[in-house]
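Comments concern the structure below.
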Amino acid sequence: MNSTLHPDQLVFGIHPVVELLKAKRRSVFSIYTTKPRPKGWSVVEPLIGVRSVQVKYVTRDVLTRMAGTTEHQGIVAIAQPFKFRTNCFTADKSPFVIVLDSIQDPRNLGAIIRSAYCTGASGVVMIRKASAPLSGVAFKASAGLAEHTEIWLAPSTSAAMQALKSAGYTLYLAMLGGKNATSVSYQGPVAVVIGNEEVGISKNLTTYGTPIELPQRTTTISYNASVAAGILLFLIANQKKLIS
């Protein structure tokens with residue numbers, strides 16, 4: 001991959017490129033693919049339409065070097081940098097958001113964004129430092145749904161949580177020792193916080209909201225961060241009748 005590109009400028013895989021083109025939130029400069037064209041090209045081509053997108057034909061090895069993985073499905077796009085929100089969400093327009101406290105794995109990041117979109121969450125809060133970037137791997141894991149998601153890139157988790165509390169959100173922190181998440185009556189507007197894969201939510205942040213915990217078989221194990229996020233998002237969305 002060109003070292004001058006920002007990680008969020010490179011999008012690969014059929015679904016991510018399709019959603020990138022459908023969303024029309026940022027310019028697409030070029031699309032690289034192979035000859036013969038991949039199976040999913042018939043879905044991609046009509047979306048290019050009259051947009052001034054250069055289509056370039058290269059070998060699969062070139063695509064693999066660009067993407068840094070063989071999971072590109074024969075298509076890589078170069079786009080304008082992702083358009084993050086520059087300020088906090090507001091409770092009236094975004095009543096249900098998820099905060100990601102230093103998620104390290106880009107696949108977890110993408111999977112959580114995908115679950116957030118599917119469950120009707122209004123937005124996602126990412127942290128500028130000590131977090132996985134929104135990259136091609138994350139876009140792929142989100143099935144391209146990051147392109148349709150409002151994402152605020154906050155300076156720190158504490159700053160994000162303070163801003164959300166000031167905006168009227170009730171914060172729920174996913175952590176061991178919390179209230180049973182299946183029996184909590186969630187008070188809106190809701191902000192649910194998911195911690196780092198290894199250490200969970202930072203200890204200095206545990207007083208910002210109500211700790212909640214998913215029931216599990218024993219206390220010696222725990223859910224994967226993206227799985228826990230998906231379950232919690234579903235529980236809250238179902239209770240709030242955001243999905244049907």
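Taking the stated definitions as given, is Ala130 closer than 20 Å to Asp8 by Cβ and either in contact with a Lys or Arg (Cβ under 7 Å, 6 or more places away or on another chain) or outside any loop (DSSP other than H, G, I, E, B) (or both)?
Answer is no for this residue.
Which of the residues that make up the range 47-62 are touching a Leu at 6+ places or on another chain (Cβ under 9 Å) and surrounded by 10 or more Cβ atoms within 10 Å (Cβ to Cβ)?
Result: Leu47, Ile48, Arg51, Val53.
Go through the range 201-240 and report how many residues are not in a helix (DSSP H, G or I) and not acidic (Asp, Glu).
Residues flagged as not in a helix (DSSP H, G or I) and not acidic (Asp, Glu) within the range 201-240 amount to 21.
State whether one or more residues within the range 67-77 are out of contact with any Cys (no Cβ under 7 Å at 6 or more places or on another chain) and either more than 17 Å from Ala141 (Cβ to Cβ) or exposed (fewer than 12 other Cβ atoms within 10 Å of the Cβ) (or both).
Yes, the conditions are met somewhere in the range 67-77.
Of the residues in the range 41-62, how many are part of a helix (DSSP H, G or I) and touching a Ser or Thr at 6+ places or on another chain (Cβ under 7 Å)?
Residues that pass the stated criteria total 2.
Does Met161 satisfy the criteria of being at pLDDT 95 or above and outside any loop (DSSP other than H, G, I, E, B)?
Yes: the conditions hold for Met161.
Would you mention how many residues in the range 133-149 are over 9 Å from the mean Cα position of the chain (by Cα), on the phi < 0 side of the Ramachandran plot and not in a helix (DSSP H, G or I)?
Residues that pass the stated criteria total 2.
Ser102: closer than 30 Å to Asn238 by Cα, touching a helix residue (DSSP H, G or I) at 6+ places or on another chain (Cβ under 9 Å) and modelled with pLDDT under 95, yes or no?
For Ser102, the condition - closer than 30 Å to Asn238 by Cα, touching a helix residue (DSSP H, G or I) at 6+ places or on another chain (Cβ under 9 Å) and modelled with pLDDT under 95 - is met.
Within the range 146-161, track down each residue that is touching a residue at least 24 places away in the same chain (Cβ under 8 Å) and more than 12 Å from Phe84 (Cα to Cα).
Pro155, Ser156, Thr157, Ser158, Ala160, Met161 - these are the residues of the range 146-161 that are touching a residue at least 24 places away in the same chain (Cβ under 8 Å) and more than 12 Å from Phe84 (Cα to Cα).
Could you say whether any residue in the range 20-40 is touching a residue at least 60 places away in the same chain (Cβ under 8 Å) and surrounded by 17 or more Cβ atoms within 10 Å (Cβ to Cβ)?
Yes: the range 20-40 contains one or more residues that are touching a residue at least 60 places away in the same chain (Cβ under 8 Å) and surrounded by 17 or more Cβ atoms within 10 Å (Cβ to Cβ).
Would the range 10-17 turn up any residue that is under 23 Å from the mean Cα position of the chain (by Cα), under 30 Å from Ile194 (Cα atoms) and modelled with pLDDT under 95?
no
Conditions: (1) in contact (Cβ under 8 Å) with a residue 60 or more places away in the chain; (2) assigned to a helix (DSSP H, G or I). Glu198 meets all but one. Number of the miss?
So the condition that Glu198 fails would be (2).
Return yes when Ile98 is within 8 Å of the chain's Cα centre (by Cα) and either surrounded by 24 or more Cβ atoms within 10 Å (Cβ to Cβ) or outside the structural domain of Asn204 (by TED's automatic domain parsing) (or both) and no when it is not.
No: the conditions fail for Ile98.
Among the residues of the range 104-114, is there at least one that is surrounded by fewer than 18 Cβ atoms within 10 Å (Cβ to Cβ) and aliphatic (A, V, I, L, M)?
Within the range 104-114, not a single residue is surrounded by fewer than 18 Cβ atoms within 10 Å (Cβ to Cβ) and aliphatic (A, V, I, L, M).
Just for the range 172-195: of the residues that are within 19 Å of the chain's Cα centre (by Cα) and in a strand (DSSP E or B), which one is farthest from Ala229 (Cα to Cα)?
Of everything passing the filter in the range 172-195, Val190 is farthest from Ala229 (Cα to Cα).
The values are calculated or read from the model by the stated rules, or taken from the named source; none is laboratory data. Quick caveat: nothing in here was measured; it's all calculated off a predicted structure. Here Cβ is always computed from backbone atoms with ideal geometry, including for glycine, and neighbour counts include all displayed protein chains.
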